[in-house]
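Only the coordinates and a few stated rules stand behind these numbers; no lab work does. Only a predicted model underlies this, so the values are computations on that prediction, with no experimental measurement involved. With ideal geometry, Cβ positions are generated from the backbone for all residues, glycine too; neighbour counts draw on all protein chains shown.
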Amino acid sequence: MTIETPVFEESVVEVEPARGPMDWVRKNLFNNWYNTVLTLAMAALFVWAALALARWLLGADFEIIRVNLRLFMIGRFPADQLWRPWVATFLIAILIGVVGGSLAATARDRAVEAGLPFTETTFRQVLSRFWPIIALVVVILAFTTTITPTLLTLLAAALGVGAYFLGRVLPRAVRRWTWGLALLLIVATYLALAGFGGLGWDDWGGLQLNLFLTVAGIMIAFPLGLLLALGRRSSLPVVRTISVTYIEFVRGVPLITLLLAGAFALGFLLPSDVRPGFVTRMLIAITLFEAAYIAEVVRGGLQAVPRGQVEAAQAVGLPTRTTMRLVVLPQALRATIPAMVGQFISLFKDTTLVSILGVTELLDATFIVNSQSDFLGQGLFVVTLAFAGLVFWVGSYTMSRESRRLEKRLGVGER
Amino acid sequence: MWRDLRVLRVVVQVLAVFVVGAMAYVLWFNLTNNLRAAGLATDFDFLTQPIGVDIPGSGLSPGAPIWRALLVGIKNTLALVVVGIPLVTVIGVVVGIARLSTNWLVARAAGLYVELLRNIPPLLIIFFVFNAVILRFPILQESINISDLLIINNRYLAVVGFTAQPNFGPFLLILAIALLISAGVWWWRTRRSERTGEPHHRVLWSLGVFGVVAIVAFVALGAPIGLSRPVLDGRALEGGYVGLASYFAVLLALVLYTASHVAEIVRGSILAVPKGQTEASNALALTSFQRLRHVVLPQAMRVAIPPVISQYLNFTKNTSLAIAIGYAEITRLTFQTIGNGQPAPQMIAILMGAYLVFSLIISLLVNVINRRLELVTR
């Protein structure tokens, strides 16, 4: 008699059918009856939305944006001072370039030291990460009427790229002082706008003001928030109570109430000879508001530092303050970076609130232009709001994607 | 002695109290002086003065005292919160689940919605909804009227409502009794199911009992509830339920905005449920609905609740943006009252106090729910 040898391979290994696009469609779109219904409904909705958008884009009159582009970007900055925002743009491009290049170089050095593979960021990766910003710049430039802004933007881009490669090749000893250079460039940017007979921030407007309020708000609120976070974790009951009361009070009220207080009540709280400008008062309100939120972000970072780190520092005899400065804070602050970017995004969106009190930032400008005699009563709100919405969307979307990338890279929440 | 930790602790705390106290004193000193110099009140007596403006949709005359107007404002804020939070939850959960759908197109559509909405300032969304949707409706005189059931124009939205007819009181009483009976049926079905193991079908049973009683009572009492159709009478809408267009603009915009954030939270929480749970449900041959309803969502909910609460609080605080399109909630009324020359510091203190109370109530409510949902570990 014959014994048949069992054939294992064929019976165990499931043969994957050849996967063509039709298989993908069947599996991901029409795998059962309700998915088929959903797919058809969604497809109809997409087609309808795309057609409506296309019809609107082709039919809408964008003259209102073309005429008022400067108001949207820099508010009522005097025409003969236009070189100032441009110089500021160049300086910011250089700032971003140098910092980006030096960070990339540091990351490369660290990887090499640790014996890890380091992959260079390719041009395609940069494109896929920053396409919304590039697209926005192209859209904005398409609204300009002369060639000068395009040339100047290209110059700014060139400066930025040049600064990036400069940051890459800086020797390590110099790179350690990049933050000092960054601070210098920020001061220079401010001086370019306001110094030597320029315009102080109380007269700024447009997108420039939104960006200023965001950056200044976060930068001034950060030290305050850090102190509040440390106060909240202090072992001194009085300090803790003061910090908790402040943080919870501010987090319990909307920003607009603080802005109202800044606009109408702050004057009553100051000595009668101190009268800060309106934007300054808005900035004070924003700073006080942001400090409470940053305190919570920093607290999250402090909690992420394992207890063993503090205990180890105590074991080697470090005093409390040194433990904080050298062991806890560096780790805590690194862990807060993604949340800080989130805070930055939400403040960027919240700066639109000052428009309620009549400050000419970007959103307010979209209303001002609709009351110009050329465009009055033509229902162009949708056009101008869409433009402002695009600007805010691009900024927030890019930042939130970058923060998610950072979060993954830093491994926050995975430890 | 100065390096003694116990002494240092006391000194630092006394210093902190002193600094904060001194700041408070200086601010208070400036405040009272400045208010007096400006000829404004330093107390809250001004609240009994007339409001001086007309509040749309409130029925208050301009002669009504300020405190009554503020109460109307609080009521209007709550009208947004009470309707908005359930809507946010439903849309957020649906979109969050849809983002993880196996249907590629559905997942993409949900992703597009989330990424589009949550990266635009809520104030801009409110303006957009108001200008691109609400103001596109015809003016009052040319209202859209759908067979007297629904009237829409660019200022109001009115739907058909109910009015009490004779025997309304007894009918309500019977409904209350029916509710008790159906609760009893629920309890009975649950117990029976636990004893015998047969399916309880308690939702069907209790709804059925309640429905039968309600219909019988409605017929027996001779239609105690009548319809009230909205009527366009010259420049005013009467009958039915009338809502201000500005209310719906704020509601729609904020619900869409907040739901996009909630959807992200829901998606993250579902992804946080261990994969083994899904695989185990598949091994038990649960349908995808049963898997979501009984296995995945209950576990995801525990992760999602704390961040979702903070979204509820954000929604509540964001209702203050209604100020921008003139919906008369409390921030708007405070703004108007200050504009009429009433002392700003006191008005803003009241406003902040109101929001603190809202935040506190929502936190408390949700904490109670949270405690009931907490995992009981043995």
For this session: Fewest Cβ neighbours within 10 Å first, please rank A:Asp374, A:Asp109 accordingly.
Result: A:Asp374, A:Asp109
Seminar exercise, completed: Residues other than A:Leu380 with Cβ under 11 Å of its Cβ, Lys/Arg counted +1 and Asp/Glu -1, net out at -3
Seminar exercise, completed: Checked the protein assembly as shown with the C-alpha gyration tensor, a ≥ b ≥ c its square-rooted eigenvalues, rounded below a/c of 1.5, otherwise prolate if a/b is larger than b/c and oblate if not; verdict rounded
Exercise. Most exposed first by the Cβ proxy, i.e. fewest other Cβ within 10 Å, how do B:Tyr25, A:Tyr293, B:Tyr327, A:Tyr190 rank?
Worked result: B:Tyr25, A:Tyr190, A:Tyr293, B:Tyr327
For this session: Could you list the trypsin sites (Lys or Arg not before Pro) in region B:106-169 that lie in coil according to DSSP, counting only those with at most 14 other Cβ atoms within 10 Å of their Cβ?
Result: none
Exercise. Using a ≥ b ≥ c from the Cα gyration tensor of chain A (square roots of the eigenvalues), is it rounded, prolate or oblate, where a/c under 1.5 gives rounded and otherwise the larger of a/b and b/c decides, a/b for prolate?
Worked result: oblate
For this session: Enumerate by residue number the trypsin sites (Lys or Arg not before Pro) in region A:65-130 meeting two conditions: DSSP loop (anything except H, G, I, E, B), and at most 16 other Cβ atoms within 10 Å of the site's Cβ.
Result: A:Arg76
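Averaged across the residues of B:110-120, what count of C-beta atoms belonging to other chains lies within 10 Å of each residue's C-beta?
Per residue, the number of nearby Cβ atoms from other chains is 4 on average.
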For this session: Using only the Cα atoms of region A:204-415, build the gyration tensor, take square roots of its eigenvalues as a ≥ b ≥ c, and label the shape rounded, prolate or oblate: rounded if a/c is under 1.5, else prolate if a/b is larger than b/c, else oblate.
Result: oblate
Exercise. Exactly which GluC sites (Glu not before Pro) in region A:42-143 are in a DSSP loop and have at most 15 other Cβ atoms within 10 Å?
Worked result: A:Glu120
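Scanning chain A for helices, which whole DSSP H stretches are 20 Å or more long along the axis (Cα) and average 1.6 or more by Kyte-Doolittle? Could you put the intermediate results ahead of the total?
Details: long enough: A:33-59 (39 Å, 1.43); A:83-114 (46 Å, 0.93); A:123-142 (25 Å, 1.75); A:148-169 (32 Å, 1.39); A:178-194 (24 Å, 2.04); A:206-232 (37 Å, 1.66); A:237-252 (22 Å, 0.66); A:278-304 (39 Å, 1.15); A:329-350 (29 Å, 0.61); A:381-410 (42 Å, 0.34).
For chain A, where a helix must reach 20 Å along its axis and average at least 1.6, the hits are A:123-142, A:178-194, A:206-232.
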Problem set entry | region A:227-273 versus region A:129-193: alpha-carbon centroid distance in Å | 36
For this session: Read phi for every residue in region B:236-249 and hand back ³J(HN,Hα) as whole Hz from Karplus 6.51 cos²θ - 1.76 cosθ + 1.60, θ = phi - 60°, with x for Gly and Pro.
Result: 9, 9, 10, x, x, 9, 10, x, 6, 4, 5, 4, 5, 5
Problem set entry | For region B:218-230, Karplus couplings with θ = phi - 60° (6.51, -1.76, 1.60), whole Hz, Gly/Pro x | 4, 5, 5, 8, x, 6, x, 10, x, 8, 10, 8, x
Exercise. Given Cα pairs under 8 Å that are at least 6 residues apart, what percent is the relative contact order of chain A?
Worked result: 20
For this session: Run the numbers on region A:76-199 and let me know its relative contact order in percent, using alpha-carbon pairs under 8 Å that are six or more apart.
Result: 57
For this session: Please report B:Thr48, B:Thr337, A:Thr89, A:Thr150 as a ranked list, fewest other C-beta atoms within 10 angstrom at the top and most at the bottom.
Result: B:Thr48, A:Thr150, A:Thr89, B:Thr337
Exercise. When the Cα centres of region A:284-315 and region B:200-275 are compared, how far apart do they sit, in Å?
Worked result: 43
